[in-house]
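Here's the structure, in structure tokens; my notes come after.
Where a number appears in this text, it was derived from the coordinates with a stated rule and is not lab data. Keep in mind the model is a prediction, meaning the values are calculated, not measured. Using ideal geometry, Cβ is built from the backbone for each residue, glycine included, and neighbour counts are taken over all protein chains shown.
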Amino acid sequence: MNKNIKLVIAGVFIALGIYMMTMTRSWGWGIVVFLLAAFPIFLYFKNEYILLAFWHLRKQNMPKAAEWLTNIKDYKNQLHRKQYGYFHYLQGLTLAQDNPTKVEPYMKKALEYGLNMKHDRAMATLNLAATAIAKGRKQEGQRLLDEAKKLDTAGMMTDQIKMMRDQLKMPTMQKHMHNPQMRHRGKFF
């Protein structure tokens with residue numbers, strides 16, 4: 001649903017509540033209808049599909065979270081500007097298990113649009129660091145890991161950061177490395 005339609009619905013509820021309180025003298029029902037106007041206003045700032053995706057993400061149900069995110073067809077018309085980052089962040093998290101290489105553009109967009117919570121920014125930079133390390137960009141991965149450690153004030157991701165630093169210390173395997181068993185082959189084999 002378009003975000004502006006929610007404001008129109010809230011305006012109709014407010015007008016109906018005022019009408020009920022002033023013209024019909026139904027103060028109780030007028031207040032109830034007036035309070036119901038808060039619901040569409042809340043959904044204007046916090047989209048229902050993103051809230052449901054976060055709920056399923058918390059339950060570790062990634063396919064269901066991705067399903068709720070697919071209901072957002074045009075994020076610029078359906079979401080408030082402050083939710084653009086979380087839309088891309090959630091898309092990146094739902095793809096992280098299946099396709100870790102496709103996460104990078106979503107997390108970059110999420111950080112570009114902005115995330116409110118520090119631990120969300122830390123998770124996004126940690127995912128970017130993992131992608132950089134997987135692609136062989138060690139310096140960028142180290143820089144992103146340091147940034148993620150600064151953002152992780154609660155210490156929720158210390159184990160993941162330590163594991164990534166251990167991966168950085170390991171030597172990279174060259175793609176063109178020869179098979180060690182091939183050294184002992186003879187001239188005619």
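Structure notes:
- L145 satisfies every condition listed in (1) over 26 Å from L69 (Cα atoms); (2) out of contact with any Ser or Thr (no Cβ under 9 Å at 6 or more places or on another chain); (3) not basic (K, R) except (2).
- Here the helices (runs of 4 or more DSSP H) wholly within the stretch 1-70 that include at least 1 residues being closer than 18 Å to D120 by Cβ are 38-45, 48-58, 62-69.
- Filtered by the rule that a residue be small (G, A, S), under 20 Å from Q91 (Cβ atoms) and touching a Phe, Trp or Tyr at 6+ places or on another chain (Cβ under 9 Å), the stretch 30-73 gives A53, A65.
- Residue in the stretch 114-123 that is more than 13 Å from the chain's Cα centre (by Cα) and assigned to a helix (DSSP H, G or I) present: no
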